[in-house]
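The values are calculated or read from the model by the stated rules, or taken from the named source; none is laboratory data. Everything numeric in this text was worked out from a predicted model, so none of it was measured. Neighbour counts are summed over all protein chains in view; Cβ atoms, including those assigned to glycine, are modelled from backbone coordinates with ideal geometry. Remember, those area values only see protein heavy atoms, side chains included, never the ligands or the DNA or RNA. Shrake-Rupley method; radii C 1.70, N 1.55, O 1.52, S 1.80 Å.
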Amino acid sequence: MWSAVLALSWSVESFREAARAALRAGIAPECIEWLADGQGGLLALPDVRDAPVLHPSPRVPRAFLGIAETVLCHRDPQRHALLYRLLWRIAHGEPHVLATPTDADMRRAMQLAQEVRRDAHKMKAFVRFREVPGDHDNFIAWFEPSHHILQRVAPFFARRFAGMRWAILTPEASAIWDGEALSFGPGGTPADAPDFDAGEELWRTYYAHIFNPARLNPRMMTQEMPQRYWKHLPEAHLLPSLIQGAGMRVREMAEREHAAPKRRIPAPPLVLPSEDIRREESLAALRNAAQGCRACPLWEPATQTVFGEGPEDARVLLLGEQPGDMEDLSGRPFVGPAGKLLDRALADLGIDRAQLYLTNAVKHFRFERRGKFRLHRNPEPSHVQACRSWLAGEIERVRPQVIVCLGGTAALAVFGNGFRLMEQRGTWQTLHDGTRAFATVHPAWILRQPADRQQEAYANWLDDLRLLLTLPAGNAAIPHR
Ligand code: URA
């Protein structure tokens, strides 16, 4: 038996150094006791770094390092053993284990990574700085993350609040930004942070104004903003009274709204997609038939049906929401601004767009006219439902190995309405027929982020899309079968 003692349990460098020494010495996973954060073992075991070198340094796939970086931030004491076991298996005849979502070790690693990402997301959303009394432009926030994520998330705050001095205190460490450089120090207590900020009163007034009672969904709200974070949030004190008054405010709003005029022009007979599309018909026949679709009212104001495009034997099917203005005019998916961002992401990942099949959950552009502009409107679930058989027809004919859902509408079409995009993004799912799929945000969502958050949103999006590079048998170019 050997021990691997890590000075910092979450540090990739510490883990990498010990894991490399163990692999070079040929020490099997079950022969290592991983000890971190000053933890002592029961037995005095020799350290793996002192083991004799018997093998050359192993090649570690980049995808593994990406996973390890995230998993190491988790508090699970078994995570080092889990990561080393994965590494050992990669080096001993199982190079595809990272791309096997059904593998028990891989499933556990993805679950830990997901919990860390969710914790980081909550930290970005719920840290609240308070000004230090008497020290203008110096702010302190107290926060209690569930995992070791401070070092991972602090650069986000450094970019976002570059112009002020701040510190984030957590029980085990602190991050300090002096306006120029980020440094880390020891942990603190809630008493080290100011407990009131005059600016909060203003923030509460603003929050009460923008609170829309018609959009109140208490279940979603507590899911997105779990109660354990409420103590950090000045607006949380307002929530009980805002929620209580929501019903009355909605009734008042409804009384104020005038009824929409009734449509008088009779709708033409429907061409239901499944009626005349027999299974043996080709993708081209399906595309032709879709041009006459009248299964929902979206066909009428739209210019044309925008069907999917790409090789019929593509390994990857990328699913968007619905065509936008430019797609509606050109008849091709993803040619407008969101499509340009998608092209950039694919280029950054070394993936050739021409090898993918691109399509949308809804095939007609839904918009609202404002003067000469046509503004995008989200499709309703009924529109997704009406288009379902076109999409099913495309999937049936292309038979992709992987489906990537871009945004909530695509995820709804593929996974149904129990799917939580922001929690489950970037994780492999398996559909009932064995097809693998994952969802991530839509490129248009990234374009809608405030300028100071776009870069990070884009980087996180790339991280999700990078899953495509873990496909077995060729990655970057994603060649045809
Ligand atoms: N957004 C989509 O979801 N699909 C497109 O084709 C264009 C923009």
Checklist entry - Leaving out ligands, DNA and RNA, what percent of the accessible area of the stretch 275-469 is carbon and sulfur, probe 1.4 Å? => result 50 percent
Checklist entry - Heavy-atom accessible area of TRP230 with all protein chains present, probe 1.4 Å, nearest 10 Å²? => result 50 Å²
Item to check | Cα lying deepest toward the dipole's positive end in the stretch 2-119, options MET106, LEU8, CYS31, charges on Cβ | outcome: MET106
Next on the checklist: Can you give me the % of accessible surface on the stretch 2-119 that is carbon or sulfur? Probe 1.4 Å, all protein chains present, nothing else counted.
Outcome noted: 55 percent
Item to check | Contour minus Cα-Cα distance for HIS96 and ASP76 (0.36 nm per residue) | outcome: 4.8 nm
Item to check | Per residue value of the accessible surface for the stretch 45-108 (all protein chains in place, 1.4 Å probe), Å² | outcome: 53 Å²
Checklist entry - Ranked by accessible surface with a 1.4 Å probe, highest first, in what order do TRP10, TRP461 come? => result TRP10, TRP461
Next on the checklist: What figure, in Å² to the nearest 10, do you get for the accessible area of ARG399 with a 1.4 Å probe and non-protein molecules left out?
Outcome noted: 130 Å²
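For TYR84, TYR458, what's the largest-to-smallest order of accessible area, 1.4 Å probe?
Most to least solvent-accessible, the answer reads TYR458, TYR84.
Just by accessible area at a 1.4 angstrom probe, what is the order of THR303, THR427 from largest to smallest?
Reading off the accessible areas and sorting them downward yields THR303, THR427.
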Next on the checklist: Quick check on the stretch 127-192: take the gyration tensor over C-alpha atoms, sort the square-rooted eigenvalues as a ≥ b ≥ c, and tell me if it's rounded (a/c under 1.5), prolate or oblate.
Outcome noted: oblate
Checklist entry - What residue among SER389, GLY408, ASN460 has its Cα farthest toward the positive end of the dipole of the stretch 365-481, where the charges are +1 on Lys, Arg and -1 on Asp, Glu, each on the Cβ? => result SER389
Checklist entry - Net charge near VAL441, counting Lys/Arg +1 and Asp/Glu -1 over other residues with Cβ under 9 Å of its Cβ? => result 0
Checklist entry - Which of the GluC sites (Glu not before Pro) found in the stretch 102-177 are in a DSSP loop and have at most 15 neighbouring Cβ atoms, other than their own, within 10 Å? => result GLU172
Checklist outcome for this item: Percent of all alpha-carbon pairs of the stretch 275-469 at distances over 24 Å, whole number, is 36 percent
Checklist outcome for this item: Taking the alpha-carbon centre of each part, the distance from the stretch 138-189 to the stretch 427-474 in Å is 27 Å
Checklist entry - Relative to the present Cα-Cα distance, how much length would full extension add between LEU431 and ASP348 at 0.36 nm per residue of separation? => result 27.1 nm
Checklist entry - Tell me, what is the per residue accessible area of the stretch 127-192 in Å², probe radius 1.4 Å? => result 47 Å²
Checklist entry - With the other protein chains left in place, how much accessible area per residue, in square angstrom, belongs to the stretch 364-481 at a 1.4 angstrom probe? => result 47 Å²
Checklist entry - Accessible area of SER11, 1.4 Å probe, to the nearest 10 Å²? => result 10 Å²
Checklist entry - From the backbone phi of the stretch 91-99, what are the Karplus-calculated ³J(HN,Hα) couplings (6.51 cos²θ - 1.76 cosθ + 1.60, θ = phi - 60°) in whole Hz, Gly and Pro given as x? => result 6, 10, x, 10, x, 9, 4, 5, 9
Next on the checklist: So if each residue of separation counts as 0.36 nm, and I subtract the Cα-Cα distance between ASP452 and LEU329, what length gain in nm does that give?
Outcome noted: 41.1 nm
Item to check | J(HN,Hα) series, the stretch 149-163, from Karplus relation 6.51 cos²θ - 1.76 cosθ + 1.60, nearest Hz, glycine and proline x | outcome: 10, 4, 5, 6, 9, 3, x, 4, 5, 5, 6, 6, 10, 5, x
Next on the checklist: Tell me the carbon and sulfur percent of the accessible area for the stretch 127-192, rounded to whole percent, probe radius 1.4 Å.
Outcome noted: 54 percent
